Amino acid sequence: MKTTYRETQLPNGLRIAAECAPDAASTAVGLFVRTGARDEPRELMGVSHYLEHMMFKGSATRPASEVNEAFDRIGARNNAFTSHEMTAYYAHVLPEYFGLSVSLVADLLRPALREDDFLQEKKVILEEIAMYEDNPFWVVFEQVLERYFGCHPSGHRVLGTNESVGALTRDQMSDYFRTRYSPTNTVLVAAGNLNFDELVRQATVETAGWTSQSVQREYPKWKPGRGSFTTELDKATRGYMVMIWPAPDEADPRRYATMICAQIIGDSEGSRLYWSLVETGIAVHASVGYQGRDGTGELVASVVCATEDLSTAESIVRSECEKLANSLTEDDLIRARRKIATAVAVAGESPSGRMRRLGGMLSSIGTFSPLEVELDRINALTLDDLRSVLYDFPFDPHVVGRIVPPTKMGEGAP
């Protein structure tokens, strides 16, 4: 998909960027706000995600009943998400409905925050928390993050807790919205068949009443935690293990080599852990994934197996991590590089994928890098690049968490 990159900034501080592709059959728009779980005071944990839900409860000009109906009428594929680093709202539509989709998405970001809606949605959030508490992997993953990050807000739970969400008030949410949802902390992105100048003109009108202010993100000093733990969970029918250790942050050029290393050791198929754990029948799942964050990053290994095999699985993961640097081959690099390049290219073939990539990039590292440039960087990686990042960031699991069924405690769990 041939694209042209355009960017500008409105007087109110809103950054607008787009990859224009006149030959595309569709178009996508999104508003990405640089705020998430890591920006919340601990006592308000979960407010970013809760606020995301409230955006769909209507604005001063549009009642809740019309929000989803309006998107549905134009055939939009719309959604939103909240992470530790950002919150995003987006829609993928046919070109003729692009202007209306921009209006709808912009309207989402000025919610009415009615008290009745707030109290009703709180029940939905608490049910969502309960649902995730029934998921063994999610339970151990959140506990591992908390122990690894300690006092750093990256250890916050995106959904929050029963206590934090239960105690949250509508006024506290309104204050959080006012301090974080400034146009200076937001980027409007689009991709596909669109007129950029018209997008800028419309955005100027749509956001004319948005109040601008300085928004800061805190970067507290911290030291990665270490240790291991085993937790019982009634819902668990087997063993779940999550391991975490440091990696380059999202703006570090070494992130590309880290992605390759994670692919080699922990891809879902054909990786070191696949052959040593899944193919041998020890585990039904084994993977390693890289997560870059603002100012930090981590690698996360996950294994699902019979409870009595957890110790064996942990030993194998540690062994594969220890010998990775000295066992890398050119074939490893070529295969991993091609898989990542394919995934990046496929995501870039659709306006929706381009839009989400652009929004995530500008909201995190702050600068645009063409898809072709990223592919060139990935294809230029050498074995020396991989060994160098493994030297700087050794694959050394710092925190190991396990979830086991209560009846198996002490029989096979470490």
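The values are calculated or read from the model by the stated rules, or taken from the named source; none is laboratory data. In this text the structure is predicted, and so the values were computed from the model without any measurement. All Cβ positions, even for glycine, are placed from backbone atoms using ideal geometry, and neighbour counts span all protein chains on display.
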Hey, ARG178 of a type in the set (D, E, K, R) and either in contact with a strand residue (DSSP E or B) (Cβ under 8 Å, 6 or more places away or on another chain) or assigned to a helix (DSSP H, G or I) (or both) or not:
yes
Exactly one of ASP385, ASP392 is under 30 Å from GLN143 (Cβ atoms) and in contact (Cβ under 8 Å) with a residue 40 or more places away in the chain, and that residue is ASP392
GLU52 vs (1) outside any helix (DSSP H, G or I); (2) surrounded by fewer than 23 Cβ atoms within 10 Å (Cβ to Cβ): all pass except (1)
From the option list ALA336, ALA325, ALA257, ALA343, single residue qualifying as of a type in the set (A, V, I, L, M), over 30 Å from VAL404 (Cα atoms) and free of Cβ contacts under 8 Å to residues at least 12 places away in the same chain is ALA343
Just one listed residue, out of VAL102, VAL67, VAL144, is crowded, with 22+ Cβ neighbours inside 10 Å, more than 22 Å from the chain's Cα centre (by Cα) and of a type outside the set (Phe, Trp, Tyr), and it is VAL102
Condition check: hydroxyl-bearing (Ser, Thr, Tyr) and either more than 23 Å from GLY360 (Cα to Cα) or modelled with pLDDT under 95 (or both). Does TYR97 satisfy that? yes
Picking from SER59, SER26, the residue that is modelled with pLDDT under 95 and touching a Pro at 6+ places or on another chain (Cβ under 8 Å) would be SER59
* To do: For VAL47, indicate whether it is in the same structural domain as ARG178 (by TED's automatic domain parsing) and more than 23 Å from LEU100 (Cβ to Cβ).
  => yes
Among GLU121, GLU127, the single one that is outside the structural domain of VAL300 (by TED's automatic domain parsing), loosely packed, with under 15 Cβ neighbours inside 10 Å and modelled with pLDDT of 95 or more is GLU127
* Examine the stretch 156-164 for a residue that is part of a helix (DSSP H, G or I), surrounded by fewer than 15 Cβ atoms within 10 Å (Cβ to Cβ), not assigned by TED's automatic domain parsing to the domain that holds GLY295 and not charged (D, E, K, R), and state whether such a residue exists. => yes
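For every residue, the table says whether it meets (1) farther than 30 Å from ALA76 by Cα; (2) surrounded by fewer than 20 Cβ atoms within 10 Å (Cβ to Cβ); (3) of a type outside the set (Phe, Trp, Tyr); (4) modelled with pLDDT of 95 or more.
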position: ARG337; (1), (2), (3), (4): yes, no, yes, no
position: ASP385; (1), (2), (3), (4): yes, yes, yes, yes
position: VAL400; (1), (2), (3), (4): yes, no, yes, yes
position: GLU411; (1), (2), (3), (4): yes, yes, yes, no
Among helices (runs of 4 or more DSSP H) entirely within the stretch 316-391, at least 2 residues that are aliphatic (A, V, I, L, M) and within 19 Å of ALA262 (Cβ to Cβ) occur in 330-347, 371-379
Flagged in the stretch 367-376 as within 22 Å of the chain's Cα centre (by Cα) and either within 23 Å of THR329 (Cα to Cα) or surrounded by 11 or more Cβ atoms within 10 Å (Cβ to Cβ) (or both), in numbering order, are PHE368, SER369, PRO370, LEU371, GLU374, LEU375
If we keep only residues of the stretch 1-49 that are part of a loop (DSSP other than H, G, I, E, B) and among the charged types (D, E, K, R), then the residue surrounded by the most Cβ atoms within 10 Å (Cβ to Cβ) is GLU40
Of the listed residues (SER327, SER311, SER352), the one being polar (S, T, N, Q), out of contact with any Pro (no Cβ under 6 Å at 6 or more places or on another chain) and under 24 Å from PRO246 (Cα atoms) is SER327
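To keep it simple, each residue is scored yes or no on (1) touching a helix residue (DSSP H, G or I) at 6+ places or on another chain (Cβ under 7 Å); (2) not basic (Lys, Arg); (3) not assigned by TED's automatic domain parsing to the domain that holds PHE32.
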site	(1), (2), (3)
LYS339	yes, no, yes
GLU349	no, yes, yes
ARG354	no, no, yes
GLY359	no, yes, yes
ASP376	no, yes, yes
VAL400	yes, yes, yes
